[in-house]
Amino acid sequence: MKKKQLTIMLGAMTLALLLGTAPVVQNVAAAGLPVSISQKAKQDALEHADIIDSLKKGSVAIRKYDMTAAQAAGDYSEDMYVATGEKDTVAEQKLADYAMEGVQFSCLRVGNIETHSVQKGTETSVELIYEIPEKLADILKLMKGNAVDMSKQGEAYPCHNTGVLHYTGQQISDALEAILKADEVAAKNALEHYLYDYGTLDATTDQKAASGVCNLPKTDKNGYTHLDNLELGLYLFVETEVPEQVTDTVNPWFVQLPFTSADGDMWQYDMNVYPKNQSGNPTLDKSVRNAYSNTLSVNEQVPSGTDKNTSVHAGEAYIAGNDSEALIVYNREAQSADLTDAAYVANRGGYTADGVTAGKDGSGYSTDYMYRDTTTASEGDLLDYILVSKLPHITSEATFLSEYTFQDTLSGGITYNKDVKIAFYDNAMDANANNTKNAKVLWNLNSGDYTQHYVDVTVTNPDTGVQNADGSTRLAVALTEDGLRAVNGVDAAGKQIESLSDYYMVVYYTATVKSDASVVLGDEGNPNHVNLVWSRTSDGYYNMLEDQNYVYTYGLDLTKTFSDQKGKFEHVKFKLYNSTDGYYVMAEKSTTEDGVYYVVGKTVNEEQATEFIPNADSGKLLVNGAEADSYQLTEIATDKGYHLLKDQIKIDISATDRDIIASVAGVTGMDAAAVEAVVNHYQGGIYDENGNLVTAQRDELTGAMAGGPALESANGRTIGKTDLYVGTIQNAFAKIDDKDALMTDQNQAVLLTVNNTKEFLLPQTGGKGLYLITIVGVISVAGGCYLVTRKREKAKM
């Protein structure tokens, strides 16, 4: 008779090694022992942990780190650490600065660990087999025909549990690897849903097992969480909730409790896992431009010589005609106003010199009316705002965005026009110019205070919080559940669609500069502040970015005098012409103060130009709300008996400016020792809106260092956020007739005095009529010269 052979299959070893959560060697031969074994031998084996003690409980401790940041700092690489399931003190110390708070893991005991012992001819084969619920087997694409039949005759340890199949560790490992390789996001989502939906499934019927999904506590400031008192068996772990900076979750993994030690000589019941996360953050950049270019000649219907874009406002009244549904833009072919949505989304970047190409910054876009941190505008002007944000990377449902909200506060002197629209781009150039012709997705919203399908827009008073439908000063644009689904890549039925991950999202709208005292003149400007708040699936974990713009406008502070101090101021009249853009200033007189005007618009028709009249008592004339440009002030009337000015007064106003750099999100672990390396290497470098590394930020106007990452902690995390930078004011200044001129406090208005002198007295009769005779004689002589000249010319003909 042939001697029987005993074959031991190390099925669990492959499972553990592939998933990186269990030992290097699995000694499984003692997992199940014949009942006839000596009790002394069994006791010895239990004491030395050579066999599984079924009365014990297991535990899993997880320490979570931001491996993207750690790798950037040089503290982590793929080959540095080997997962064994045992505590790794060296790794914990090395990665402590990159601990990630707010991550939640969920686990489910999916089945028992069984010993498959069966006689095949003269051999007995023994190996570990794992119970897998049928529904989970479907997700893993484990074929039913490939399952091990644990109920057939001859099985030493038969299993008759229903609703489960049995597979080797190698089969399970290969299946998980295959579905992740085929479609990682879909596989993660399917396994996450399996845990979410487990309470409604009847897929595991083993009543001896602990039922239900266990949600581990969220990782603390040290990145630590744990779960104790676990029944022994096979567990599926999934990362189900993440804080705002996580872009890619760890792949789901299986855990066998207990597991074999790294040395392969005993069973361990307390597992330590160090799963890695990838991280990343969105960006924010708010910009503004004066939405008006120059006007067209009414008669010729061609751009004037000073036209900036050749895409301009036709008609005699160079003033807003916004119907609150579309921005006025002009079709180059027709050169006429077009208020349709199609025109709204066309050519927002202007044209280059060739008159054909749309572009910006030398890549096709006009730089004359480019978006900037600051702009100068007249009262009554239309402002064109864009909020550009690169959406963060999105993978499985655990990384889905749960909030994406812009809070945009306008100054009291600027009114929102209730015309928000949103565009999505796949490149920065089109996004920064908002070239909607190339937008991949457009959300056209048509009112001011509303809830649309994708976006909830509200307008409120920032002081009281009361909603105002008339376009007050705080605008909130928040993605709704439908909007978030569209961004995350899920349709209304829950099916996966193409997401907008890593796209550039541009929120754009217009606002009008008011024509009243609420507008701040001079260097103080009219600030407009925005913040972006976003979060993912872990409640209470969010971040915020900020940016700011300034709109500057100025005034004219004129004092009218007469040489003899006897003239009547109310008889004096001026007109103001903008020679930079080729228009006459239109203004409305204050209803409460004589001699005070507020600019309301522009015209190319001189007859429509406002005639400015000084205060009748003081001679003061205040014109509020003029953009920084070159002007010609013309005195067109004065009091009887006084000379008008010989020439126009040339006034040049140079605008205030300052560099503003939006805040930049940091990452975990940016302490003093690591910040330089992290900034240089994290996903290719952490840059500000000007293209500078945040550790080398510079004021683009002054060249001074502009700031850098703050070594601050948020919820226990050193996140290294680079705060909003508002640079030193570059003051406005003015010239009159090419000479430096004084301005009022804060450079609010140009100071000038216009003096009229008395006309010469002309005697009427007698000897005193000599002046009159002399003057008439001079005129006669001049006339005579003219006549002689004309006669000579005729004689030559």
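Computed values, structure above
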quantity: Residue match in region 725-744 (condition: over 30 Å from Leu556 (Cβ atoms) and within 38 Å of the chain's Cα centre (by Cα)); calculated: yes
quantity: Strands (runs of 3 or more DSSP E) fully within region 230-288 counting 1 or more residues that are of a type in the set (Val, Ile, Thr); calculated: 233-241, 246-248, 253-257, 270-273
quantity: Unique residue being farther than 30 Å from Ala398 by Cα, surrounded by 16 or more Cβ atoms within 10 Å (Cβ to Cβ) and in contact with an Asp or Glu (Cβ under 6 Å, 6 or more places away or on another chain) when the list is Val118, Val126, Val148, Val164; calculated: Val118
quantity: Leu576 in the same structural domain as Ala476 (by TED's automatic domain parsing) and either more than 45 Å from the chain's Cα centre (by Cα) or crowded, with 19+ Cβ neighbours inside 10 Å (or both); calculated: no
quantity: Residue in region 668-687 that is modelled with pLDDT of 90 or more, part of a loop (DSSP other than H, G, I, E, B) and of a type in the set (A, V, I, L, M, F, W, C) present; calculated: no
quantity: Within region 106-176, strands (runs of 3 or more DSSP E) holding 1 or more residues that are within 45 Å of the chain's Cα centre (by Cα); calculated: 123-133
quantity: Filtered residues of region 383-412 (kept if farther than 23 Å from Ile661 by Cα, crowded, with 19+ Cβ neighbours inside 10 Å and of a type outside the set (Ser, Thr, Tyr)); calculated: Ile394, Glu397, Ala398, Phe400, Leu401
quantity: Count of region 52-103 residues which are without any contact (Cβ under 8 Å) to a residue 12 or more places away in the chain and under 31 Å from the mean Cα position of the chain (by Cα); calculated: 1
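Yes or no, residue by residue, for (1) part of a loop (DSSP other than H, G, I, E, B); (2) over 30 Å from Asn435 (Cα atoms):
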| position | (1), (2) |
| --- | --- |
| Ala493 | yes, yes |
| Asp516 | yes, yes |
| His529 | no, no |
| Asn549 | no, no |
| Thr559 | no, yes |
| Glu570 | no, yes |
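The values are calculated or read from the model by the stated rules, or taken from the named source; none is laboratory data. Fair warning: this is a prediction, and the values are worked out from it, not measured in the lab. No Cβ is skipped: glycine too gets one built from the backbone with ideal geometry, and neighbour counts run over all protein chains shown.
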